[in-house]
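Take a look at the structure below.
The values are calculated or read from the model by the stated rules, or taken from the named source; none is laboratory data. Remember, predicted model here, so these are calculated numbers, not experimental data. We place every Cβ from the backbone using ideal geometry, glycine too, and count neighbours over all the protein chains shown.
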Amino acid sequence: MFLYLPYNTFLHRLHPATKLIGLILLLVVTVAFTTPAEQLPGLGFVLGLAVLSRSLSNLRRILPLVVTIMLFSSTTWSLFRRVGVPFWSFGPLSLSRESIQYGLAMGIRLDAMLLSGMVFVSCTKVEEFAFGLRALGLPFPVSFALSLAFRLVPLFFTRIGIVVQAQQSRGLDLQTGHLLQRARKYVPLLVPIFIYAIRDTDLLAMALESKGFGMRGTRTEYLRFPFGWRDAAIIAALLAADVIAWSGR
Amino acid sequence: MQPLFHIRDLSFTYRHASHPALHGITYTHQAGEFTAIIGATGAGKSTLCRCLNGLIPAFIKGTLSGELTILGERMTGRPVYDVARRVGLVFQDFEAQLFSTNVELEVAFGLENFAVPYEQMRDRVREALGRVGLTGFEGRDPSTLSGGEKQRLAIASILVSRPMILVMDEPTTDLDPIGKRDVFHLARALRQEIQGIILVEHETEHVLTADRLVLMREGRILADERPQELLSDPGLLETNGVRPLQTTVLLRRLGLPTTGLDVDTAFHIIQDAGWRADPAAVARLHQPISNLADHEPVIDVNAVSYQYDAGPAALDAVSLTIRRGEFVAIIGQNGCGKTTLVKQFNGLLRPTKGSIRMLGREASSWSLAELGRRVGYVFQNPDHQIFANTVQEEVAFGPRNFGLPEPEIDARVVEALQVVGLRGREDEDPFSLTKGERQQLAVASVLASDPEILILDEPTTGLDYHGQRSILDLIRRLNQTGRTIIIVTHSMWVVAEYAHRCVMMQRGRIVADGDIRESFKDPARLADLALEAPEAVRLGARLGVPVRSVDELYGCLTR
C-alpha cells in the first residue's frame, strides 16, 4: 500500500495472516471498554507497536485527522449521550461527568482503531496483505483483485492530474459558478479520465493474461512467511486480552 | 528443419470492425532469427503481436482464420496462458503493464502463475534481473524507476518464464535516448539465449541489426527481406509511413546506389562519386537560421527553481530568454525537468524560487486563465483532453472558456481547423479520427484561442512518419506566421530539421543553449548527454558542411 515503510522490523517479518488476525483482535479489545482509563492502555499498546514497527512517521502524517476525530467524537458524545446526572443542559444538549468520560473513551477508541490500521499498512506490503488473505482461505483471484485496486489508485490519480492540467490549459475554470454550472464543467474531465481508465485496465488485463494469470490449478508463492512461535504467541496473547476485556465488562 | 514457428494464412477482424486488421499473413520463423517489423499506424503490427501470444482470439474477440504452430504444435484456439508460456509479449506502455510494489515480486508473478517451485523461483528472478541489468533493484518500487528501467523490468518479468519466442511491441516509443539504447542493447544480447525475437519498431536505424525486416501494410506483409535490402529503398519506406534512413534519401537524390546505410559507407560512396562541398553554398549556411536577436523577449526566466513536494529540485536556478518568433526545442533525458520548465510558462506550475516575465509582465500577476489564453499548451497525448461529441465543439471549448463572443468563436474554429487541415470535418466524432488527426485536433483546439506562444510536449510520439511530418510541417507554418514555438522532444532529427535553437537540460539545469548548427557541431558533447546527431548532420560533418537536414546537405554538394 502506498503508506508502506520498507523497514525490516519484527512486525514486518510476522506472517501477514498473524497481522490480519492481530489487527482484528486488537479492534475487538478497543470495543470492549467505555472509560478513558480502560481505553488508554490499548492506545498505549498501539503506540508501542508503532515504535516497534518504526511507523511513527506515518502516524504523524495523519495527526490532524487523529486530533479532529478526538475533538469531534468527544464533544458530540459528551453533549448528546444522556448518562449520569447532567450538571448543564440546553435543549437536547447536556453534560455530565459520565457523558464526558464516555465521549473521551469513544474518541480514544476511534483513534486507537485508526492508528492500529495505520501501523498495519505501514508494515504490510499490498502483496503481503493479499498473501495473508489467501492464507486465511480467500481465493487467489479475489485477493489479487483487492491488492490490484490499491495499486491502481495512484496510477489513476496521476492520470487525473494530467487531464486536469490539460483542460486548465484550455481555460477550464473549476473554481467559479454555482453548483450546477460547476458540475457541468466536470464533463471535459470525466470523458478523458473514463477513457483512460478503460484503456489502462484493458492493457493491464492483457499484461496479466500474458503472464499466465488465467492459468487454472495450483499456483506457487514467491513470498514465504514461516508461521513461527512469535506468530502463535502474539495471537494467543491478543486472544487472551480479548477474553479478559470482554469477561471483565 | 522444423521451423520455430509458422503462421499460415492468418486473418483477423476485430469485433465491430468493418475491415480485417490482418489479411492472409503467412510467415515462417527459423530458430535463432531476429525479425523486426515496421509499417504505418494501423498496418496490423500490434494485432499480429497479440495473435502470436494467444491474446487473440482467446482474450480479444473477433473473427480469426488461419493458424499458428510452434515447433509443429498447433497453438490457435489454446488459452492465453498456454501460448504465453512459449511466446512472451512486452507492451509499449510500461506504466500499465507493471502492477507490483517491488521489482522482485513483479518479476516473480509469471513464475507463480506457472507454478514454478519456490526453490527455483529465487534463482530465476535473480538471473532475469541480472540479464536486464537491474541487479540491486530487487526491493525498489517500480514506480520510482526511470522509463528505461521500467521497460527493462517489464522485459525481465517475461524473460523469467523462459519463453521460446520474445515479442516486443514498440518497446522504446516512450523512452528517452538512453532508455532506447539500453533496450536495444538488451534485445541484441538476448539473441544468444532466446530462439526467436520479434521486435516492432518505428526507428529505422535501430532495425539494421535484425536478420529480417518485415514491412506491413493494411494487414498484409508487403516485404520480408534482409534489412540492408529493404532499407535501401527510401521511397518504399516513406510511402509506408516509415522514416527512411537519411543517408539513403541523400544517395537517391544524388543518383548514387542507395546501399550506403551507415554514415561511413555513405560518405565513401559520395566521395568516390566526386561530390564535394560547394563553398558558396556552405557560406550561405553560416547566416543565422533566424535573425531574432532584436525581437522583444516574450519569456524571461530568471533563476527559477521548482520543487515538487518532498522531492529534489526539479528545476535548479534556471535562467532563459526566449524572443518573439523563435522556434526552440528543449531536449534532455526523462526527468531532467523539461516538462516542469515549460509548465511554468503557462502557469500550470509556479516557481518555488525566482521569477518569470511573460510577454513583458510578471507571470505571477497573470491568472492561469489569462496566461493559458496567450500561451497555448498541447499535451503529449491528445486523448488526455479530447472529450466533445464533435470536432467543432472540441475546438470551440478553449475560446468559449476564455469568454469570446460566439460569432468570433465560430470564425476562430474555422480558421484553426483550416490551419491543421481538418476543415470540413466539423461534425465528425473526435474519437473516430486517427491518432495523427487527433493530435492535429488537439493543436487546433489550442490554436483557436489564438495564443502568441505555443508549447508542444512530445508532439510526434506515437505517430508514424507520415503523421510526424504533417504535425511538424504544421508547427513550422505556425512559426512562420509569427508565433513563438517551444517543443519538448527526444527526437533529434526533429530538433535538427525544424527548430532554430536547442536548449539541453540535465538534472534540472540548462547545460547547453544555442543555435542548432552550433549545438550539433560537437559529437562528443552530445554523447556526454547520451544524444546523437541525426545521420544527415553526421554525414555533413564528414563532408565538412554544418547542415541540419538532407535538403540542406543536398544543396551544399557539387560535382
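When the criteria are applied in full, B:Ile221 fails the requirement of being out of contact with any Asp or Glu (no Cβ under 7 Å at 6 or more places or on another chain), crowded, with 17+ Cβ neighbours inside 10 Å and either under 30 Å from B:Gly544 (Cα atoms) or modelled with pLDDT under 95 (or both).
For the range B:523-545, a residue qualifies if it is at pLDDT below 90 and not small (Gly, Ala, Ser), and the qualifying residues are B:Pro523, B:Arg525, B:Leu526, B:Asp528, B:Leu529, B:Leu531, B:Glu532. Scanning the range A:169-188 for residues that are in a helix (DSSP H, G or I) and farther than 18 Å from B:Gln439 by Cα, we see that the one that is nearest to the other protein chains (Cβ to nearest Cβ) is A:Val187. Would you please name the residue that is nearest to the other protein chains (Cβ to nearest Cβ), looking only at residues in the range B:333-343 that are touching a helix residue (DSSP H, G or I) at 6+ places or on another chain (Cβ under 8 Å) and closer than 13 Å to B:Asp457 by Cβ? My answer is B:Lys343.
I'd like the full set of residues that are in contact (Cβ under 8 Å) with a residue 40 or more places away in the chain and aliphatic (A, V, I, L, M), limited to the range B:410-448. If you could, list the steps in order and put the result at the bottom.
As a first pass, look at the range B:410-448 and keep what is in contact (Cβ under 8 Å) with a residue 40 or more places away in the chain: B:419-421, B:429-431, B:433-436, B:438-439, B:441-448.
Hits for the range B:410-448 are B:Val419, B:Val420, B:Leu433, B:Leu441, B:Ala442, B:Val443, B:Ala444, B:Val446, B:Leu447, B:Ala448.
Hey, can you tell me all the residues within the range B:77-94 that are within 7 Å of chain A (Cβ to nearest Cβ) and under 30 Å from A:Cys123 (Cα atoms)? Once the filter is applied, which keeps residues that are within 7 Å of chain A (Cβ to nearest Cβ) and under 30 Å from A:Cys123 (Cα atoms), the range B:77-94 yields nothing.
Rundown of residues vs (1) under 20 Å from A:Leu146 (Cβ atoms); (2) within 24 Å of the chain's Cα centre (by Cα), yes/no style:
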{"position": "B:Glu106", "(1), (2)": "yes, no"}
{"position": "B:Val125", "(1), (2)": "no, no"}
{"position": "B:Ala128", "(1), (2)": "no, no"}
{"position": "B:Ser157", "(1), (2)": "no, yes"}
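Residue pairs whose Cβ atoms lie under 6 Å apart, sitting 6 or more positions apart in sequence or on different chains, and linking a residue in the range B:74-92 that is aromatic (Phe, Trp, Tyr) to a partner that is modelled with pLDDT under 95, are B:Tyr81/A:Gly212; B:Tyr81/A:Gly214; B:Tyr81/A:Met215; B:Phe91/B:Gln97; B:Phe91/B:Asp169. When B:Val125 is tested against (1) within 14 Å of chain A (Cβ to nearest Cβ); (2) out of contact with any Asp or Glu (no Cβ under 7 Å at 6 or more places or on another chain); (3) without any contact (Cβ under 8 Å) to a residue 40 or more places away in the chain, only condition (2) is not met.
Taken together, the residues in the range A:200-223 that are more than 8 Å from chain B (Cβ to nearest Cβ) and assigned to a helix (DSSP H, G or I) amount to 2.
From the residues in the range A:237-249 that are surrounded by fewer than 16 Cβ atoms within 10 Å (Cβ to Cβ), assigned to a helix (DSSP H, G or I) and small (Gly, Ala, Ser), which one is nearest to the other protein chains (Cβ to nearest Cβ)? First the steps, then the outcome.
Of the range A:237-249, the ones surrounded by fewer than 16 Cβ atoms within 10 Å (Cβ to Cβ) are A:237, A:239-240, A:243-244, A:246-249.
Now restrict to residues that are assigned to a helix (DSSP H, G or I): A:237, A:239-240, A:243-244, A:246-247.
Checking which are small (Gly, Ala, Ser) leaves us with A:237, A:240, A:247.
Numbers: A:Ala237: 30, A:Ala240: 34, A:Ser247: 41 Å.
Top of the filtered list is A:Ala237.
Of everything in the range A:224-236, what is more than 14 Å from every other protein chain (Cβ to nearest Cβ) and surrounded by 12 or more Cβ atoms within 10 Å (Cβ to Cβ)? Give them in sequence order. Hits for the range A:224-236 are A:Phe227, A:Gly228, A:Arg230, A:Asp231, A:Ala232, A:Ile234, A:Ile235. Checked against (1) touching a helix residue (DSSP H, G or I) at 6+ places or on another chain (Cβ under 9 Å); (2) within 29 Å of A:Phe150 (Cα to Cα), B:Tyr118 passes all but a single condition, namely (1).
Could you say whether any residue in the range B:146-154 is in the same structural domain as B:Ala187 (by TED's automatic domain parsing), farther than 20 Å from B:Phe184 by Cα and free of Cβ contacts under 8 Å to residues at least 60 places away in the same chain?
no
Here is a yes/no grid of residues against (1) touching a Phe, Trp or Tyr at 6+ places or on another chain (Cβ under 7 Å); (2) surrounded by fewer than 20 Cβ atoms within 10 Å (Cβ to Cβ):
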| residue | (1), (2) |
| --- | --- |
| B:Phe94 | no, no |
| B:Leu98 | no, no |
| B:Val103 | yes, no |
| B:Val107 | no, no |
| B:Arg122 | no, yes |
| B:Gly136 | no, yes |
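Of the helices (runs of 4 or more DSSP H) lying entirely inside the range B:92-179, those carrying at least 2 residues that are within 22 Å of B:His202 (Cα to Cα) are B:94-97, B:147-159.
Residues in the range B:151-167 include none that are among the basic types (Lys, Arg) and within 9 Å of chain A (Cβ to nearest Cβ). Taken over the range A:149-195, residues that are free of Cβ contacts under 8 Å to residues at least 24 places away in the same chain and of a type in the set (A, V, I, L, M) amount to 11.
Taking the conditions exactly as written (more than 16 Å from the chain's Cα centre (by Cα) and not assigned by TED's automatic domain parsing to the domain that holds A:Ala149), does A:Pro36 satisfy them or not? Please lay out each step first, then the result.
Numbers: more than 16 Å from the chain's Cα centre (by Cα): yes; not assigned by TED's automatic domain parsing to the domain that holds A:Ala149: yes.
In short, yes.
Residues that are modelled with pLDDT under 95 and within 16 Å of B:Leu456 (Cα to Cα) occur in the range B:357-371; there is at least one.
Looking across the range B:231-271, the residues that are more than 20 Å from B:Trp493 (Cβ to Cβ) and not polar (S, T, N, Q) come down to B:Gly255, B:Leu256, B:Pro257, B:His268, B:Ile269.
Table: residues versus (1) crowded, with 23+ Cβ neighbours inside 10 Å; (2) part of a loop (DSSP other than H, G, I, E, B).
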{"site": "B:Ser445", "(1), (2)": "yes, no"}
{"site": "B:Gly467", "(1), (2)": "no, no"}
{"site": "B:Met505", "(1), (2)": "yes, no"}
{"site": "B:Val511", "(1), (2)": "no, no"}
{"site": "B:Lys521", "(1), (2)": "no, yes"}
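If the Cβ limit is 7 Å and pairs must be 6+ apart or interchain, which residue in the range B:223-241 that is of a type in the set (Gly, Ala, Ser) pairs with which residue that is part of a helix (DSSP H, G or I)? Matching pairs, first to second residue: B:Ala223/B:Leu230; B:Ser232/B:Thr248; B:Gly241/B:Tyr465; B:Gly241/B:His466. Does B:Gly462 satisfy being assigned to a helix (DSSP H, G or I) and farther than 18 Å from B:Gly372 by Cβ? In short, no. Scanning the range A:1-41 for residues that are over 17 Å from B:Thr101 (Cβ atoms) and touching a Cys at 6+ places or on another chain (Cβ under 6 Å) gives a single hit, A:Leu11. Of the helices (runs of 4 or more DSSP H) that lie entirely inside the range A:58-166, those containing 2 or more residues that are within 14 Å of another protein chain (Cβ to nearest Cβ) span A:97-122, A:126-135.
Just one of A:Arg134, A:Arg109 is surrounded by fewer than 20 Cβ atoms within 10 Å (Cβ to Cβ), of a type in the set (D, E, K, R) and at pLDDT 90 or above; which is it? It would help to see each step written out before you state the result.
Working: A:Arg109 fails: surrounded by fewer than 20 Cβ atoms within 10 Å (Cβ to Cβ).
Of A:Arg134, A:Arg109, the one residue that is surrounded by fewer than 20 Cβ atoms within 10 Å (Cβ to Cβ), of a type in the set (D, E, K, R) and at pLDDT 90 or above is A:Arg134.
Checking the stated criteria, B:Gly66 turns out to be over 20 Å from A:Glu127 (Cβ atoms) and either surrounded by fewer than 19 Cβ atoms within 10 Å (Cβ to Cβ) or at the interface with chain A (Cβ under 8 Å from one of its Cβ atoms) (or both).
Looking across the range B:373-409, the residues that are among the β-branched types (Val, Ile, Thr) and more than 8 Å from every other protein chain (Cβ to nearest Cβ) come down to B:Val375, B:Val378, B:Thr390, B:Val391, B:Val395, B:Ile409.
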